[in-house]
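Engineer: First the structure, which I've put down as structure tokens, then a few questions once you've had a look.
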Amino acid sequence: MKKAIQRVFQATLILTFIATHNISAQNQMGGLALYTVRDDMGTNAKATLQAVAETGYKNIEAAGYKGGMYYGMSPKDFKSYVKQLNLKPVSTHQSDVTLENMNTMFADAKAAGFKYFVVPIPPMGWFNYDNATATMSMSCTVEELAKTLDVMGEQARKAGLKLLYHNHDFEFKKDANGVIPIDYLLENCNPKYVNFQMDLFWVTKAGADPLAYFKKYPKRFKMWHVKDMDDQGRFAPVGKGTINFAKILKQKKLSGMKFYMVEQDMTFDGMKPLDAIKISHAGIKKIGFK
């Protein structure tokens with residue numbers, strides 16, 4: 001009884017917040033990768049989600065799954081909470097996925113309301129980051145990665161999800177055998193089970209051309225990470241950097257993009273992530289994203 005009263009009280013507070021701050025589905029557009037505000041989510045997830053909704057975002061991508069919970073909430077409670085804020089849980093990044101825990105993770109993602117399960121780095125503990133050089137790599141072969149993604153993708157589909165692989169820059173560089181990993185994955189992963197989330201910043205950082213990939217591998221990039229790059233090569237709010245998003249957006253249909261998520265891994269010069277997402281939201285509107 002006590003818990004029921006608490007739930008009613010919480011729901012009343014949320015609805016009051018929504019009414020006060022004019023958070024309505026009609027006023028929300030665009031998507032946000034919650035990795036951008038991960039520190040705020042770690043401090044107070046519910047208040048941060050309210051701020052995201054108030055900023056005007058409609059879709060969200062999680063990056064906070066741990067121990068069967070999303071930001072400290074059960075999948076069911078997370079789904080219920082974001083729904084009250086008119087936020088749509090579209091995708092979730094879960095880097096700890098393995099062949100052993102994938103079915104549990106897929107079930108939780110489905111229960112939380114997500115449609116896409118994104119493998120953000122090579123799974124199975126195969127991802128490496130060198131702090132000294134700030135470079136990324138993987139310890140598996142590209143063949144192992146492709147086969148593992150296919151297995152995961154097939155199981156994800158059975159669970160009612162769509163699996164995507166998210167790139168950084170190292171997948172666009174030739175490995176020791178002269179193979180470009182992203183090309184191998186695109187050519188060898190079964191599109192029935194595995195497609196891709198293109199991170200436009202990291203593609204640009206690698207010196208590759210997003211449009212060339214759309215043309216060579218049409219319809220394979222179901223989601224985009226939209227984040228800008230300043231003239232120093234650092235992350236920047238959308239519209240405040242050097243990436244020509246308007247040109248890329250014109251090829252949305254060719255790429256196969258269904259959703260996009262604004263993301264900014266780090267902020268600089270004293271800017272706070274919650275301020276950066278406001279600038280980026282204004283940026284996507286100006287560029288023509290919907």
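Engineer: What is the local net charge at ASN103, summed over the other residues whose Cβ is closer than 13 Å to its Cβ (Lys, Arg +1; Asp, Glu -1)?
Structural biologist: 0
Engineer: Non-local amide H neighbours of THR135 (under 5 Å, H modeled in plane, Pro and chain starts lacking H): which ones?
Structural biologist: Amide H neighbours of THR135: ASP130.
Engineer: Another one. Considering only protein heavy atoms and a probe of 1.4 Å, how much of the accessible area of the chain is carbon and sulfur, as a whole percent? Intermediate results must be reported in sequence, preceding the final value.
Structural biologist: Numbers: 7300 of 14050 Å².
Answer for the chain: carbon and sulfur cover 52 percent of the accessible area.
Engineer: If N is the number of residues in the range 59-185, what value comes out of its Cα radius of gyration divided by 2.2 N^0.38 Å?
Structural biologist: Details: Rg = 15.6 Å, N = 127, 2.2 N^0.38 = 13.9 Å.
Working it through for the range 59-185, the quotient is 1.13.
Engineer: Next question, about the same structure. If you average the sequence gap of Cα pairs under 8 Å that are 6 or more apart and divide by the length of the chain, what percent do you get for the contact order? Don't jump to the answer; show the numbers that get you there.
Structural biologist: Values: 501 pairs, mean separation 45.8, N = 290.
16 percent.
Engineer: Any chance you could look up the accessible area of TRP126 with a 1.4 Å probe, heavy atoms only, rounded to 10 Å²?
Structural biologist: Accessible area of TRP126: about 50 Å².
Engineer: Can you list the residues, at least 5 places off or on another chain, whose amide H is less than 5 Å from the amide H of VAL226, using H built in the peptide plane?
Structural biologist: MET261, VAL262, GLU263
Engineer: Pairs to check: LYS222/LYS286; LYS66/LYS115; LYS205/LYS285; LYS110/LYS286; LYS227/LYS250. Give those whose C-alpha atoms are more than 27 Å from each other in this structure. Can you show the working numbers first?
Structural biologist: Values: LYS222/LYS286 22 Å; LYS66/LYS115 19 Å; LYS205/LYS285 24 Å; LYS110/LYS286 34 Å; LYS227/LYS250 17 Å.
Table pairs above 27 Å Cα-Cα are LYS110/LYS286.
Engineer: With a ≥ b ≥ c taken as the square roots of the eigenvalues of the C-alpha gyration tensor of the range 229-290, please select rounded if a/c is under 1.5 and otherwise prolate if a/b is larger than b/c or oblate if it is not? Write out the running numbers ahead of the final one.
Structural biologist: Numbers: a/c = 2.21, a/b = 1.75, b/c = 1.26.
In terms of gyration-tensor shape, prolate.
Engineer: Let me ask another. Could you calculate, for the chain, the ratio of the Cα radius of gyration to the Kirkwood radius, expressed as Rg to Rh?
Structural biologist: On the way: Rg = 18.9 Å, Rh = 19.6 Å.
Rounded to two decimals, Rg/Rh equals 0.96.
Engineer: Could you compute the net charge surrounding ALA206? Neighbours are other residues with a C-beta less than 13 Å from the C-beta of ALA206; K and R count +1, D and E count -1. Provide the component values of the computation, followed by the final result.
Structural biologist: On the way: positive: LYS173, LYS174, LYS205; negative: ASP169, GLU171, ASP183, ASP199, ASP209.
The answer is -2.
Engineer: For ASP228, what is the net charge nearby, where nearby means another residue's Cβ is under 13 Å from its Cβ and Lys, Arg count +1, Asp, Glu -1? Working shown, then result.
Structural biologist: Details: positive: LYS205, LYS227, ARG234, LYS240, LYS286; negative: ASP199, ASP230, ASP231, GLU263, ASP265.
Spelling it out: positives minus negatives among the neighbours equals 0.
Engineer: Now, a different point. Calculate, for the chain, the solvent-accessible area per residue in square angstrom, rolling a 1.4 angstrom probe over the heavy atoms of the protein chains.
Structural biologist: Each residue of the chain exposes 48 Å² on average to a 1.4 Å probe.
Engineer: Between LYS147 and ALA132, what is the label-to-label distance in nm when each label sits 7 Å out along the Cα-to-Cβ direction?
Structural biologist: 3.3
Engineer: Right, another one. What is the mean projected area of the alpha carbon convex hull for the range 111-225, to one decimal in square nanometres? Write down the numbers at each step before the final one.
Structural biologist: Values: hull surface 30.2 nm².
Seen from a random direction, the Cα hull of the range 111-225 projects 7.6 nm² on average.
Engineer: Enumerate the aspartates and glutamates that LYS76 could reach by cross-link, defined here as Cα to Cα under 20 Å, with residues fewer than 8 away along the same chain left out.
Structural biologist: The reachable aspartates and glutamates, counting only those whose Cα sits under 20 Å from LYS76, are GLU61, ASP108.
Engineer: Give me, ordered by chain and number, the residues 5 or more places off VAL90 or on other chains with an amide H under 5 Å from its own placed amide H.
Structural biologist: Here ILE60 satisfy the definition.
Engineer: Report ³J(HN,Hα) in whole Hz for each residue of the range 99-111, in order, from the Karplus equation J = 6.51 cos²θ - 1.76 cosθ + 1.60 where θ = phi - 60°; Gly and Pro get x.
Structural biologist: These are the phi-based 3J(HN,Hα) values: 5, 7, 9, 4, 5, 5, 5, 4, 5, 5, 4, 5, 5 Hz.
Engineer: Calculate one ³J(HN,Hα) per residue across the range 44-53 by plugging θ = phi - 60° into the Karplus curve 6.51 cos²θ - 1.76 cosθ + 1.60, and present them in order as whole Hz with x for glycine and proline.
Structural biologist: Listing the rounded values in order: 8, 4, 5, 5, 5, 4, 5, 5, 4, 5 Hz.
Engineer: About the Cα centre, and with charges only on the beta carbon of Lys, Arg (+1) and Asp, Glu (-1), how big is the dipole of the range 164-290? Nearest 20 debye, please. Write out the running numbers ahead of the final one.
Structural biologist: Numbers: 22 positive and 14 negative charges, 168 e Å.
Dipole about the Cα centre, nearest 20: 800 debye.
The values are calculated or read from the model by the stated rules, or taken from the named source; none is laboratory data. All values derive from a computational prediction rather than experimental measurement. Glycine gets a Cβ as well: all are built from the backbone with ideal geometry, and neighbour counts include every protein chain shown. The area values use the complete protein model at the heavy-atom level, side chains included, leaving out ligands, DNA and RNA. Shrake-Rupley method; radii C 1.70, N 1.55, O 1.52, S 1.80 Å.
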